[in-house]
Amino acid sequence: METSRSKELFEQAQSSIPGGVNSPVRAFKSVGGNPLFINKAEGAYMYDEDGNKYVELINSWGPMILGHANPKIEEAVGKAIKNSLSFGAPTSREIEIAELIVSMVPSIEKVRMVNSGTEATMSAIRLARGYTNRNKFIKIEGCYHGHGDSFLIAAGSGAVTMGSPDSPGVTEGTAKDTLLAPYNDLTSIEKLVEANKDDIAAIIVEPVPGNMGCVLPNTGYLEGLRSICDKENIVLIFDEVMTGFRLAKGGAQEHFGVTPDMTTLGKIIGGGMPVGAYGGKKEIMDYVSPQGPVYQAGTLSGNPISMAAGLTMLTELNENPAIYDQLTQIGAKIRKGFEENLEKLGLNYTINSLGSMISMFFTDVKVENFEDAKKSDTAKFGTYFHKMLERGVYLPPSQFESLFLSTALTQEDIDHIITSHYEVLKEMHS
Ligand SMILES: *Cc1c(COP(=O)(O)O)cnc(C)c1O
């Protein structure tokens, strides 16, 4: 595979962009080698600067759930552009998208638009703190909530200690208010709540984590979080930036029938434009400025072009529930193909999946939390990743990410993915 143009560009990028990229995972650091510079994409395919074609299993980390260059979304954006790119004043389209989100997502009675998932989670935590008048919150290890300071926290030693900064630049003062618990472990949560009585404003969780690879909630876990929060007056926040509009039109909360107090959204909600949102119970959302005392603002929030893209995307998903059956079928076919390959090759790697999220971990342990996920052989993953790429299959460049499937994948694409998976694993284990 010829990738000399991408290599050149990556080298050139080093001198003007830190690490050559505008978001770290794009640099391929955890799989080694050189990132690909992308030139265009359409449907299920992406093309790099050297003209190589790839079947897409990232889809911009989720937003392109209907495939790239969706004609309806592009048309809506094209129309909106003619009326200026931004006003910084309210528009009727913002009401339309807000009403649609309220009708689709069970927990959301009111919603505020922002420009990224990071903004959504930062704002949600501030609001939960303001609303409860409490300082601390619980984060689940291995869940990702964007790059806000209070989320860049690693576990201290022992389950009931406070967190410590996971990045230079995050202060100890910030870290001490973030408490950490492993995923799928209600006992740890109960201990933290007990040790910090009436100090915990919120528990924030990816209901189906996709940022440690795909991990599923054990039976009763989400319900358990719900009842602890009810008992202790803690705000339960589902970070559905990834799962929202993906696992169902109402996200993981619809799929599992557990309703949080607040929800954060991003990725699909913008149809490919930079959008995030946070919403929830009226009573809580009315605490946000200008109605309430908790400050939050944005010059480009509710941007007319972004709203046109997002509104068209959400309308498509809302009006065509068959999309979710289709995504589930595609996910099930890929999972079955992978499982058959593993069986044929006598391999025992762990596959986790739900609907259009799927991960294969290079370990034979059951993966129910971040500790388990970290048992994966990431060097093997790197080899697998590059060999898949050589066969034209573009996977997320990290063991700790989920595939993001789109409806644009054809049966032929699925067969190609499964065959490549077989050939690559066979090569690696011969
Ligand atoms: C991607 C992601 C975020 C961060 O969103 P950005 O738009 O990258 O800031 C937050 N939470 C989850 C669950 C995500 O997957």
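How much net charge surrounds V365 when only other residues with a Cβ under 13 Å from its Cβ are counted (Lys, Arg +1; Asp, Glu -1)?
Working: positive: K366, K374, K375; negative: D364, E368, E371, D372, D377.
Net charge in that neighbourhood comes out at -2.
Using only alpha-carbon positions in segment 183-232, the gyration tensor eigenvalues give semi-axes of 21, 11, 9 Å once each is multiplied by 5 and square-rooted (largest first). Take each peptide in 78-89, 219-230, count the other Cβ atoms within 10 Å of every residue, and average; sorted highest first, the result is 219-230, 78-89.
Note the full-extension length gain between D377 and T410 as 0.36 nm times their separation in residues minus their Cα-Cα distance, in nm to one decimal. Could the numbers behind the result be given before it?
On the way: separation 33, 0.36 × 33 = 11.88 nm, distance 3.07 nm.
Contour length minus the Cα-Cα distance gives 8.8 nm.
Excluding E319 itself, what net charge comes from residues whose Cβ is under 15 Å from its Cβ, given Lys and Arg +1 and Asp and Glu -1? Local net charge: -2.
Helix-only estimate, please: 222 nm mean residue ellipticity of the chain, summing -39500 (n - 2.57) across DSSP H runs of length 4 or more and dividing by its residues, to the nearest 500. Before the final figure, lay out the partial values.
Numbers: 14 runs with 162 residues, N = 430.
So the calculated ellipticity at 222 nm is -11500 deg cm²/dmol.
Rounded to the nearest 5, the antiparallel percentage of DSSP beta bridges internal to the chain is 55%.
The Cα-based radius of gyration of segment 71-319, divided by its Kirkwood radius, gives an Rg/Rh of 0.98. With an a/c value of 1.5 or above and a/b not larger than b/c for the gyration tensor axes a ≥ b ≥ c computed over the alpha-carbon atoms, the chain is described as oblate.
Taking the mean number of other Cβ atoms within 10 Å as a proxy for protection, how do you rank 260-267, 105-112 from highest to lowest?
On the way: 260-267: 27.9, 105-112: 21.6.
Averaged packing, sorted descending, gives the order 260-267, 105-112.
Once both labels are positioned 7 Å from their Cα atoms along Cα-to-Cβ, the gap between E232 and N218 label points is 1.8 nm.
Fully extended, how many nm does the chain gain between K40 and E343 (0.36 nm per residue separation, minus their Cα-Cα distance)? If you can, show how the numbers build up before the last one.
Values: separation 303, 0.36 × 303 = 109.08 nm, distance 3.67 nm.
Here the answer is 105.4 nm.
Counting only Cβ charges, +1 for Lys and Arg and -1 for Asp and Glu, the dipole size of the chain around its Cα centre is about 440 debye. Give the residue from V294, G78, T264 lying farthest towards the positive end of the charge dipole for segment 71-319; charges sit on Cβ (+1 for Lys and Arg, -1 for Asp and Glu) and the dipole is referred to the Cα centre. Value: G78. Measuring r between the beta carbons of D325 and E99 and using R0 = 30 Å, the FRET efficiency lands at 0.75. The slack between D166 and K336, meaning 0.36 nm per residue of separation minus the straight C-alpha distance, is 57.5 nm.
The numbers here are math on the coordinates, done by the rules we state, and not lab data. In this text, all values refer to a predicted model and were calculated from it rather than measured experimentally. Ideal geometry is used to build each Cβ from the backbone, glycine not excepted, and the neighbour counts take in all protein chains shown.
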